[in-house]
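First up is the structure itself, then whatever we jot down about it.
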Amino acid sequence: MPLTEQPDPVVFAALRQGDLKALDVLYGRYSTPIYRLALRILKAEEEAADLTQEVFLRLWRTLGYDPARGTLLVYLMMMTRSQALNRIRQHQNQRKLAERWGRSALSLAEGGDTSGHASGHPGRFPLEALSLDETASQVRLALAQIPQAQREVLEMAYYDGLSQSEITQRLDIPLGTVKSRSRQGLLKLRQLLKDLVDSP
Amino acid sequence: MTAHDRPNLPPEPWPELLAGYVLGDLSSAERTRVQQYLAAQPEAQAEVAELQATLNLLPLSLADGVAPPAALQAQLLRAAGNTTQRPQAAAAPVTAPVTTPVTTPAIQPGGPAARQGSRAIAPRPVWRSLPRAVAIAAIAAAALLGWQNLQLRSALQLARQDLQFAQQRIDHLAAIETQLANASASLAKYQEIITLLRLPENRLLALRGPAASPKPPAAVS
């Protein structure tokens, strides 16, 4: 079977062996969501492209991903977010403490086979762009189902790296409200995306 | 220890607390309770991982139709071709110093300290009429301290996360180090053998008693 049709763990194993083709394949699979996230956070195309390259180069150089601990997609998203927020922090001093989840996220990325929609099939991974697209539309659907107010705080925290108290100030609502909205939003999303994130 | 160990206390709202843990909005007391809970409950760890994964699927909802520039792929492959892989040892994408695995995160945030410095020398225009200036400075200092306190606390939380991450890295590195030690031990052995084989007398492959070994070098010279 050609590398392009292999599941992520197999491709990553090839990457480990120094196979540039494997990097090429993974780029084909994940560069778009990575770039979109980078662009959403950094709000500048050139920087987003630069960060996209950095994320892949880092994956190549450090091989820091551990397939036993979760899917590559989630790992790459966490890396991207954390590094994008790092850049923002470097740019904007007053917001530099914003990154709340990135690091702990990396360390906690264990468990969940966030992949196959067939939750009962461990070892199935979102391989091709097609299944990534399916995943994306499920996420959109789920987001559309949670209250706008919950979505708002979740997105402010995730993309802008704002702390809960910063969100409190921006939206002029009590801290308790921010907390309960974001927690409820996350729990609801988790419920809606159960099939995607359930551990096998 | 934790509240859930003591049946007479009301049960903790674990789902909310776990969500808060993932979102980073817990008080330090709450965080400690959650950490204890997680240590005792493997299935709660899985729950945290799933919440984490959920959160990181969010960006998949971002606008369709946006894609990285076409040239980036070739550029990346060129760059990767020129980059040697340095597994794990070089992995630590952590900004906090990895070298201090102590559980006192107070020494961690180098950033905030630097920031404090730059803030402290912010220009103060009212500097001539001393008493008033002093009062203003005092107020400013108080405000500054409050602000810094807030910042330091966030920094501390971040540093804790860094630390947790760094400690995992260290464990990993320790494992690698052991492997490395083993490997270089066997390497040393092989090298010894190679040296032996390279001796001019190497046709005598049969093992000889120790009495014989000091001789050959002498014989060579």
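The values are calculated or read from the model by the stated rules, or taken from the named source; none is laboratory data. Everything quoted here is computed from the prediction, not taken from an experiment. Quick reminder, even Gly has a Cβ in these numbers, built from the backbone with ideal geometry, and neighbours come from all protein chains shown.
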Original post:
Within the range A:72-93, can you find the residues that are within 22 Å of A:Gly28 (Cβ to Cβ) and either touching a helix residue (DSSP H, G or I) at 6+ places or on another chain (Cβ under 7 Å) or of a type in the set (D, E, K, R) (or both)?
Top reply: A:Leu72, A:Leu73, A:Val74, A:Leu76, A:Met77, A:Met78, A:Met79, A:Thr80, A:Arg81, A:Gln83, A:Ala84
Subject >> Search result, residues across the range A:66-81 that are surrounded by 23 or more Cβ atoms within 10 Å (Cβ to Cβ), more than 7 Å from chain B (Cβ to nearest Cβ) and closer than 16 Å to B:Gln168 by Cβ >> reply: A:Tyr75, A:Met79
**OP:** Name every residue in the range A:40-65 that is at the interface with chain B (Cβ under 9 Å from one of its Cβ atoms) and within 17 Å of B:Arg169 (Cα to Cα), in order of residue number.
**Re:** A:Arg58, A:Arg61, A:Thr62, A:Leu63, A:Gly64
Subject >> Any helices (runs of 4 or more DSSP H) falling wholly within the range A:133-200 and containing at least 1 residues that are modelled with pLDDT under 95, surrounded by fewer than 19 Cβ atoms within 10 Å (Cβ to Cβ) and among the acidic types (Asp, Glu) >> reply: A:148-160, A:194-197
